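For reference, the structure discussed in these notes is given below.
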Amino acid sequence: LPGTNMVNHAAAVKEYSRSSADQEEPLPHELRPSAVLSMTMDYIVTQILDQGEGNYREWYDFVWNRTRGIRKDITQQHLCDPVTVSLIEKCTRFHIHCAHHLCEEPISSFEAKINNENMTKCLQSLKEMYQDLANKDIYCPNEAEFRGYSVLLSLNKGDILREVQQFRSAIRNSLEVKFAVQVFAALNSNNFVRFFRLVRAASYLNACILHCYFNQVRRDALRAINFAYTVSNQRSTAFPVENLVHMLLFQDFEEATDFLMSYGLSISEGYVDLNRSTFLEPEGFCKPRKSLLICQKRNVSIGEVINGG
């Protein structure tokens, strides 16, 4: 309670503690059963998730820490039932949302690499849980949604289609997985027009995942456009930047200009000089910017997004 040394037990949430070799086995009363874990997640979703505005560093650290604690309690008790699956699903949605929502935050507040690692761990846990429950003829209602996310996160892996073929037919033929396969086909064939058309049609969380491929798709598209519109290494071709803003889903003229200049291309009076000899790919991608299109897809609160609304 503020201004006192008292703890408000109705609002206190167990903190995550890292496992270590010298840590003793937790006692039964130190682990929360699934009903308590569910109450904890409900509290985070309804009371915390929509309170981050203006202080994302503390907000993200708190929610990540507490949801990590939930995942740890599930692992230590070997819990595997539809209730605990739904808890891991909510953890996954949280990390997917943050991947785009916090992408412009400084690394001291949000580290995309660690967030993606946690997202991948959650999806791996779900993959194993879905399989264990399916062996008992128990099927989770949101499995197709998360199988789709798993495919979308693995678009650069050549064997992802083989994994899709191993899904049971109801999941393989679901709209979510079919959409993910369509995106894979667009990315794999360097069809940037098709890719960004699919982004425009995607759900909010699907679009958050696809956002991490924007720079890759834009690079490959620019390479192709630069080659297609120039005749030789000596001659350059003026191309309207506004056309690229629309084609490659840039936020605005300024973002497109920064991207084009990072590839050695010059801008003049609203046109970019496409040139084979000056085109030079940078060593790494520039820091991604939030997409207004993706932000507009979210028409409910963050808590509702994480809850599956």
Hits in the range 49-70 - residues which are in contact (Cβ under 8 Å) with a residue 24 or more places away in the chain, open to solvent by 10 Å² or more (accessible area, probe 1.4 Å) and out of contact with any Leu (no Cβ under 9 Å at 6 or more places or on another chain): ASP50, ARG57, TRP64, ASN65, ARG66, ARG68
Test: residue in the range 1-8 that is part of a loop (DSSP other than H, G, I, E, B) and either at pLDDT below 65 or under 21 Å from ASP73 (Cα atoms) (or both): yes
Those helices (runs of 4 or more DSSP H) lying entirely in the range 201-309 with at least 3 residues under 18 Å from the mean Cα position of the chain (by Cα) and in contact (Cβ under 8 Å) with a residue 40 or more places away in the chain: 204-210, 214-228, 292-297, 302-307
In the range 100-123, residue surrounded by the most Cβ atoms within 10 Å (Cβ to Cβ) [restricted to those that are among the acidic types (Asp, Glu) and over 19 Å from SER150 (Cα atoms)]: GLU105
Breaking point among (1) acidic (Asp, Glu); (2) modelled with pLDDT of 95 or more; (3) under 19 Å from LYS290 (Cα atoms), for GLU128: (3)
Unmet requirement for LEU274, which otherwise passes all of (1) out of contact with any helix residue (DSSP H, G or I) (no Cβ under 7 Å at 6 or more places or on another chain); (2) crowded, with 18+ Cβ neighbours inside 10 Å: (1)
Any hit, the range 177-187, residues being closer than 20 Å to THR92 by Cβ, assigned to a loop (DSSP other than H, G, I, E, B) and under 20 Å from the mean Cα position of the chain (by Cα): no
SER154, sole failed condition from (1) touching a residue at least 12 places away in the same chain (Cβ under 8 Å); (2) among the hydroxyl-bearing types (Ser, Thr, Tyr); (3) within 21 Å of HIS211 (Cα to Cα): (1)
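The values are calculated or read from the model by the stated rules, or taken from the named source; none is laboratory data. As the structure is a computational prediction, the values presented were derived from the model and not from experiment. Cβ: placed from backbone, ideal geometry, glycine included. Neighbour counts: every protein chain shown. Note: accessible area is taken over every heavy atom of the protein model, side chains too, but ligands, DNA and RNA are not part of it. Shrake-Rupley method; radii C 1.70, N 1.55, O 1.52, S 1.80 Å.
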